[in-house]
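Enquirer: I'd like to ask some things about the structure below.
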Amino acid sequence: MAETAHDTTAVKCLVWDLDNTLWNGTLLEDGEVVLSDEVRQVITTLDERGILQAVASKNDHDHAWERLEKLGVAEYFVHPHIGWGPKSTSVRTIAEQLNFALKTIAFIDDQPTERAEVNHHLPEVRCYPAEQVLELTARPEFDPVTTADSRRRREMYQAGFRREAAREDFSGADEEFLRTLDLVMTIRRAAEEDLARVEELTLRTSQMNATGVHYGDAELRGLVVDPDHEVLVISLRDRFGDHGAVGIVLLERLPGVWHLKLLATSCRVVSFGAGAVILRWLTDRAAAAGAHLAADFRRTDRNRMMEVAYRFAGFTGDACACTEAVTGPDREGIEVLHIAAARQEPPTTMRLDAPDLAVAAGVSHG
């Protein structure tokens, strides 16, 4: 058992001790240490499942990192903390650097005193003894539903670190920096293999989620094949790498009005203005089809940024006859934001690759 209360909340990052945990032996005493094939398999399996891995070890940093490189596993670890400070401080810092809640962090160490120190200061962090290392991949908290994006999560985070470093070195305005990234946003119709990620986005996004409504697999499959609905997946890439699927749009085309049932984007792309680009594109396409746009919005204590994005794009709460057609179950707490769509200029900070949704949409409002 882990030395915390039982919790099957998915682990998003496992923090490893090194000596007699990740490898056999004590680096400063033995010089040579051994990484078993079984532990190597745990590392690669967790990586394939989208679980990030970090290091909190009391060792000489350069010596330990060099050993990880020689063992061929250094690339699997983000934010290594190798030094002589308390491990609870290292674990807390790793969580903050990744912007992960402590309850999604796990820590494994062969020393009971080190586990107790982390558990005392960070009771939400789940601690495991080193003898359980080979059991981790069989535990439910280390076996999340995986998607194509989750399997590349480490690479995307590492690209993000390089991107952040470049931003710190750039002396110009934010918009100028965005232009240096060679950003490309792709909007495409969802395929069956996208549905797990689409469902994940409806569940996991909160700050940039217009309604907080969860769409399950069966419902999404029905919408994908419905000719009156569009289920769109938004992805983003730049010169540092691929951000993966970062947003979803659920859209219903009604006579004279397009009903935007859900817009959700990852918080990771807020700084790129992704929400604004999507809303301007939808507004432009609705205008080309002679339709208005009506967007569902449910206020929560966390999605204020999404409301700002809608308002900035020109959506208001003003009444319009077209919104009488906007119906559906579970409307409690949902308000309808509206815009009389007009053609929009393309974005200046990224290239947009998107389908043409401007098909006949009933009677134009003129």
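Enquirer: Kindly check whether there is at least one residue in region 240-247 that is in a helix (DSSP H, G or I) and among the aliphatic types (A, V, I, L, M).
Expert: no
Matching residues to (1) closer than 25 Å to ASP19 by Cβ; (2) touching a residue at least 12 places away in the same chain (Cβ under 8 Å):
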residue: PHE107; (1), (2): yes, yes
residue: ASP110; (1), (2): yes, yes
residue: ARG139; (1), (2): yes, no
residue: THR146; (1), (2): no, yes
residue: GLU155; (1), (2): no, yes
residue: GLU164; (1), (2): no, no
residue: ALA173; (1), (2): no, no
residue: LEU178; (1), (2): no, yes
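Enquirer: Between residues in region 337-350 that are under 18 Å from ALA289 (Cβ atoms) and residues that are open to solvent by less than 20 Å² (accessible area, probe 1.4 Å) and assigned to a loop (DSSP other than H, G, I, E, B), which pairs lie under 7 Å by C-beta distance while being six or more apart or on different chains?
Expert: These pairs meet every condition: HIS338/PHE315; ILE339/PHE315; ALA341/ALA291.
Enquirer: In region 220-239, is there at least one residue being under 21 Å from THR104 (Cα atoms) and open to solvent by 50 Å² or more (accessible area, probe 1.4 Å)?
Expert: Quick first cut of region 220-239, residues under 21 Å from THR104 (Cα atoms) only: none.
Looking through region 220-239, none of the residues is under 21 Å from THR104 (Cα atoms) and open to solvent by 50 Å² or more (accessible area, probe 1.4 Å).
Enquirer: I would also like to ask the following. Can you confirm whether GLU69 is closer than 30 Å to ASP242 by Cβ, assigned to a helix (DSSP H, G or I), open to solvent by 40 Å² or more (accessible area, probe 1.4 Å) and touching a Gly at 6+ places or on another chain (Cβ under 7 Å)? Walk me through it before giving the result.
Expert: Working: closer than 30 Å to ASP242 by Cβ: yes; assigned to a helix (DSSP H, G or I): yes; open to solvent by 40 Å² or more (accessible area, probe 1.4 Å): yes; touching a Gly at 6+ places or on another chain (Cβ under 7 Å): no.
Taking the combined requirement at face value, the residue does not satisfy it.
Enquirer: Filter region 32-43 for residues that are of a type in the set (Val, Ile, Thr) and loosely packed, with under 12 Cβ neighbours inside 10 Å and give the result.
Expert: Correct list: VAL34 only.
Enquirer: So GLU335 clears everything in (1) part of a strand (DSSP E or B); (2) crowded, with 19+ Cβ neighbours inside 10 Å; (3) at pLDDT below 90 except one condition, right? Which one?
Expert: (2)
Enquirer: Which ones in region 126-158 are of a type in the set (Phe, Trp, Tyr) and open to solvent by 30 Å² or more (accessible area, probe 1.4 Å)? Before you say what the answer is, go through the steps one by one.
Expert: Of all residues in region 126-158, those of a type in the set (Phe, Trp, Tyr) come to 128, 142, 157.
Matches in region 126-158: TYR157 only.
Enquirer: So which residues in region 264-295 are assigned to a strand (DSSP E or B) and either at pLDDT below 90 or surrounded by fewer than 20 Cβ atoms within 10 Å (Cβ to Cβ) (or both)? Steps first, answer last, please.
Expert: Pass one, region 264-295, residues assigned to a strand (DSSP E or B): 264-265, 292-295.
Within region 264-295, ALA264, THR265 qualify.
Every residue, every condition in (1) assigned to a helix (DSSP H, G or I); (2) among the polar types (S, T, N, Q); (3) farther than 23 Å from GLU96 by Cβ; (4) at pLDDT below 95, yes or no:
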residue: MET1; (1), (2), (3), (4): no, no, yes, yes
residue: HIS6; (1), (2), (3), (4): no, no, yes, yes
residue: GLU29; (1), (2), (3), (4): yes, no, yes, yes
residue: GLU32; (1), (2), (3), (4): no, no, yes, yes
residue: GLN41; (1), (2), (3), (4): yes, yes, yes, no
residue: ASP47; (1), (2), (3), (4): yes, no, no, yes
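Enquirer: Mind counting the residues in region 21-62 that are over 28 Å from the mean Cα position of the chain (by Cα) and under 25 Å from ALA138 (Cβ atoms)?
Expert: Let us first name the residues in region 21-62 that are over 28 Å from the mean Cα position of the chain (by Cα), namely 21, 23-38, 58-62.
Within this subset, residues satisfying the condition of being under 25 Å from ALA138 (Cβ atoms) are 21, 23-24, 34-38.
Final tally of qualifying residues: 8.
Enquirer: I would also like to ask the following. Please specify each residue of region 90-149 satisfying the condition of being among the aliphatic types (A, V, I, L, M) and either part of a helix (DSSP H, G or I) or over 30 Å from GLY244 (Cβ atoms) (or both). Break it down into steps so the answer makes sense when it comes.
Expert: Applying the first criterion (among the aliphatic types (A, V, I, L, M)) to region 90-149 yields 91, 94-95, 98, 101-102, 105-106, 108, 116, 118, 122, 125, 130, 133-134, 136, 138, 145, 148.
Of everything in region 90-149, those that are among the aliphatic types (A, V, I, L, M) and either part of a helix (DSSP H, G or I) or over 30 Å from GLY244 (Cβ atoms) (or both) turn out to be VAL91, ILE94, ALA95, LEU98, LEU102, ALA116, VAL118, ALA130, VAL133, LEU134, LEU136, ALA138.
The values are calculated or read from the model by the stated rules, or taken from the named source; none is laboratory data. Since we're looking at a predicted model, the values are computed, not measured. Please note: Cβ atoms are built from the backbone with ideal geometry, for glycine as well, and neighbour counts cover all protein chains shown. Protein only, heavy atoms only, side chains kept; ligands, DNA and RNA dropped before computing areas. Shrake-Rupley method; radii C 1.70, N 1.55, O 1.52, S 1.80 Å.
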